[in-house]
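The values are calculated or read from the model by the stated rules, or taken from the named source; none is laboratory data. If you're wondering where the values come from, they're calculated on a predicted model, not measured in any experiment. Note: ideal-geometry Cβ built from the backbone for every residue, glycine included; neighbour counts use all protein chains shown. We work out accessible area using only protein heavy atoms, side chains counted, and drop any ligands, DNA or RNA first. Shrake-Rupley method; radii C 1.70, N 1.55, O 1.52, S 1.80 Å.
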Amino acid sequence: MARKYDLVICGYYGFDNLGDELICLALIEMALEAGLKKDRICVLSSDPRKTKSRFGVASVNRWNILEVLNALRQSRSFLLGGGGLFQDSTSLRSCLYYWGVVLLAQVAGVVPWAFGQSVGPLNSKAARILARDALRRCRVRFVRDEASKKLLASLGLDSKIAPDPVFYLKFDKFDKEVFKKTLVFNVRPTRDDKGMSKLLVQNVELFAKMHEYDLRAICMSEEDLLELKSLESFVKFDDVVVPKDLKDAILAFEGAVAAVGMRLHFCILALMNQIPVIAVPYDPKVRSFALRWNIPLWEGEGDLDRKITGIRKTKPEEIASARKTLQEAFFLALRTTLGDEKFCSASLN
């Protein structure tokens, strides 16, 4: 029976988290470049109307089991599409949800695969069981860091490494040359009762004053904004932006002399904009990314001024190489999953 879709993509989409929305955009763009058509792609989303409008593809409500099952029955493959889907740092719910959808996909006769994953932390036995069972069912497994590869190996699963999907996106240059005098930063909620966020804000404010830089907060989601507002008793902020898409994100970094942040995709965006960045590793995936790209880490101690002064800029050819590696990995994974030589071959030449 002919199926309506080649690809149903599942991730943390429709929640207005910029990093995850950019992952979704990148996966769709890679699929289109590989030869798929827009009307052959469907995304599971918490806000399907917004997702359909934003990306121009079909979308169904991720919480409606009948809608999800119907979409899966009409698809040839099911992609666990990037992000830290299997982790229990806050609760077991994420592992339960994505495990359940993988099982539903197999019931519907769909081939599951995984790409752009960060796996872990998996602190509980239940989380390890769920993650292993879901990911072992995937025909292809690509993770985005060495730590995830080692964790999967400990669960008896092989995997390959490719850069974060966001590296596929192309960043336009700023419209005009801007005098760089702004320090940009990002905070996000953590489980340490705002200790790290408060400390980071105090240090970036001090650094900005010392060097007479403007200070701009970039919130990657509404929860980042709420975290920032909860700190206003310590510091007052004049320039706060909440970018909603790639264009907003590019503008948010305009005029930045350096960046310090907690969110993984804040660090990736700074890197791709060739802005010196310091990462605050609230999560293993941020630490792994920083180590891979030789990005300095700040963990609440030490001289932030000295770290920022010594940062090297990432070269354009390094980013171009990461993009090429990512593209080749995605095309290989898609071709392996669908078993169609017609996809990807022209794009890889």
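Say the dipole of the chain comes from +1 at the beta carbon of Lys and Arg and -1 at that of Asp and Glu; which of Leu332, Tyr13, Val240 then lies farthest toward its positive end?
Checking the options against the dipole of the chain, the answer is Leu332.
Taking a point 7 angstrom from the Cα of Gln202 along the C-beta vector, which residues in the stretch 291-325 have backbone N less than 18 Å away?
298-306
What are the extents of the Cα atoms of the stretch 199-293 along their three principal axes, listed from largest to smallest and rounded to whole Å?
In descending order, the Cα extents are 35, 28, 27 Å.
Restrict the search to the stretch 278-322; then list the GluC sites (Glu not before Pro) that DSSP places in a loop and that have at most 15 other Cβ atoms within 10 Å of their Cβ. Present the calculation step by step, with values, prior to reporting the outcome.
On the way: sites: Glu299, Glu301, Glu317, Glu318; in loops: Glu299, Glu301.
Passing both the DSSP loop test and the Cβ count: Glu299, Glu301.
Over the chain, give the accessible area per residue in Å² for a 1.4 Å probe, as an integer. Don't skip to the answer; put the middle values down first.
Values: 15830 Å² over 349 residues.
Heavy-atom accessible area per residue stands at 45 Å².
Ignoring ligands, DNA and RNA, what percent of the accessible area of the stretch 1-50 is carbon or sulfur (1.4 Å)?
On the way: 880 of 1880 Å².
Answer for the stretch 1-50 is 47 percent, counting heavy atoms of protein chains only.
With Cβ to Cβ distances under 10 Å as the rule, what net charge do the other residues near Gly11 carry (K, R +1; D, E -1)? Mind showing how you got there, number by number?
Details: positive: Arg62; negative: Asp20, Glu21.
Within the 10 Å Cβ shell, the charges total -1.
As a test of the formula, what do you get for the chain when each DSSP H run with n ≥ 4 contributes -39,500 (n - 2.57) and the sum is divided by the residue count, at 222 nm and rounded to the nearest 500 deg cm²/dmol?
Values: 14 runs with 153 residues, N = 349.
Helices in the chain give a 222 nm mean residue ellipticity of -13000 deg cm²/dmol.
Where in the chain are the helices, taken as whole DSSP H runs, whose Cα atoms extend 15 angstrom or more along the long axis and whose Kyte-Doolittle mean reaches at least -0.5? Kindly include the intermediate steps, with their values, before the conclusion.
Numbers: long enough: 18-33 (22 Å, 1.35); 93-107 (21 Å, 1.04); 125-136 (16 Å, -0.13); 195-211 (25 Å, 0.32); 316-338 (33 Å, 0.05).
In the chain, the long hydrophobic H runs are 18-33, 93-107, 125-136, 195-211, 316-338.
With θ taken as phi - 60° and the coefficients 6.51, -1.76 and 1.60, list the Karplus ³J(HN,Hα) couplings across the stretch 3-12 in order, rounded to whole Hz; mark glycine and proline as x.
For the stretch 3-12, the Karplus curve yields 10, 6, 10, 8, 8, 10, 9, 10, x, 8 Hz.
Please pull out the direction-averaged projected area of the stretch 32-191, using the convex hull of its alpha-carbon atoms, in nm² to one decimal place. Write down the numbers at each step before the final one.
Working: hull surface 48.9 nm².
Value for the stretch 32-191: 12.2 nm².
Beyond 26 Å between alpha-carbons counts as too far, so tell me which of Lys150/Lys307; Lys38/Lys247; Lys37/Lys149 fall in that bin. Write out the running numbers ahead of the final one.
On the way: Lys150/Lys307 29 Å; Lys38/Lys247 21 Å; Lys37/Lys149 31 Å.
Too far apart for the 26 Å limit: Lys150/Lys307; Lys37/Lys149.
Taking the chain, how much of its Cα-Cα pair set, in percent, is spaced more than 36 angstrom apart?
Numbers: 12011 of 60726 pairs.
Across the chain, Cα pairs with separations above 36 Å total 20 percent.
Let's see if you can work this out: charge +1 on each Lys and Arg Cβ, -1 on each Asp and Glu Cβ, no other charges. What is the dipole magnitude of the chain about its Cα centre, in debye to the nearest 20?
Details: 52 positive and 43 negative charges, 256 e Å.
Here the chain has a charge dipole of around 1240 debye.
What is the sum of charges around Val111, taking Lys and Arg as +1, Asp and Glu as -1, for the other residues whose C-beta is under 10 Å from the C-beta of Val111?
Details: positive: Arg76, Arg137, Arg139; negative: none.
Once positives and negatives cancel, what remains is +3.
What percentage of the solvent-accessible surface of the stretch 64-177, computed with a 1.4 Å probe over protein heavy atoms, is contributed by carbon and sulfur atoms?
On the way: 2690 of 5080 Å².
C and S atoms contribute 53 percent here.
At 25 °C and 0.890 mPa s, grab the translational diffusion coefficient of the stretch 51-137 from Stokes-Einstein with a Kirkwood Rh over Cα pairs, rounded to a whole number in µm² per second. Could the numbers behind the result be given before it?
On the way: Rh = 13.6 Å.
My calculation gives 181 µm²/s for D.
From the residues Asn203, Cys138, Val60, which one has its Cα farthest along the dipole of the chain in the positive direction, the dipole being from +1 and -1 charges on Cβ of Lys/Arg and Asp/Glu about the Cα centre?
Highest projection toward the positive end goes to Cys138.
Cβ under 10 Å from Leu246's Cβ, Leu246 left aside: what net charge do those residues give with Lys, Arg +1 and Asp, Glu -1?
So the environment of Leu246 carries a net charge of -1.
Please name whichever of Gly109, Ala290, Pro163 sits farthest to the positive end of the charge dipole of the chain, dipole taken about the Cα centre and charges placed at Cβ: Lys and Arg +1, Asp and Glu -1.
About the Cα centre, the residue reaching furthest to the positive side is Gly109.
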